[in-house]
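Contents: one structure, followed by commentary.
Readers should treat all values here as calculations from the given coordinates under stated rules, not as data from a laboratory. For clarity, every value in this text was computed on a predicted model and none was experimentally measured. FYI the Cβ positions are ideal-geometry reconstructions off the backbone, even for glycines, and counts take in every protein chain you see.
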Amino acid sequence: MKRVAILLLGLMLAGLAQAVDTTPPLPTPELQRRYRDMTHELRCVQCQNEAIADSPVSLAADLRRQVREMILAGQSDEQIRDYMVQRYGEFILFRPRVNWRTAWLWAAPAVLLLAGLLAALRVLARRTRLAAGDTAPLEDELQDR
């Protein structure tokens, strides 16, 4: 019984495990901020739904190290993004760039919102026409039942 309780406690605590960034801090607060922002902007290709800053896998640690080295080498954020996209594809970016291949991704929310509004207007128009055509008093309908 004691072993089961310990096992269950361990399983519950395992979900709380988070990545610990062991890379040393960068020399200036500005570079540290750029590093933090960039590591939260890039997706872990192994975990797929976590930023490399939050992922505990070794690939994410390698990517964090790579980002740090590129920042220290004086590369811009755009150069770092370009390198990562060239190596891992657009999937690595949490906010994909707007281009002809991702246009549908950026347009989809507006199209869906417009379709929802049109559907709502159609339903309201139908209900209005039905209500206007109904001339029977409400009390008569209740007495007929």
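The phi torsions of segment 23-33, fed into the Karplus equation with coefficients 6.51, -1.76 and 1.60 and a -60° offset, translate into couplings of 5, x, x, 7, x, 10, x, 5, 5, 5, 5 Hz, rounded to whole numbers, with Gly and Pro shown as x.
The amide H of ALA51, built 1.01 Å from its N in the peptide plane, has CYS44 as neighbours under 5 Å, considering only residues 5 or more places off or on other chains.
Report the charge-dipole magnitude of segment 12-92 in Debye, nearest 20, computed about the Cα centre from +1 at each Lys and Arg Cβ and -1 at each Asp and Glu Cβ. Kindly include the intermediate steps, with their values, before the conclusion.
Working: 9 positive and 12 negative charges, 32 e Å.
The dipole of segment 12-92 has a size of about 160 debye.
Between the alpha-carbon centers of segment 45-63 and segment 104-124, tell me the distance in whole angstrom. The distance from the Cα centre of segment 45-63 to that of segment 104-124 comes to 35 Å. Under a model in which nothing but the beta-carbon of Lys, Arg (+1) and Asp, Glu (-1) is charged, segment 46-145 shows a dipole of about 400 debye around its Cα centre.
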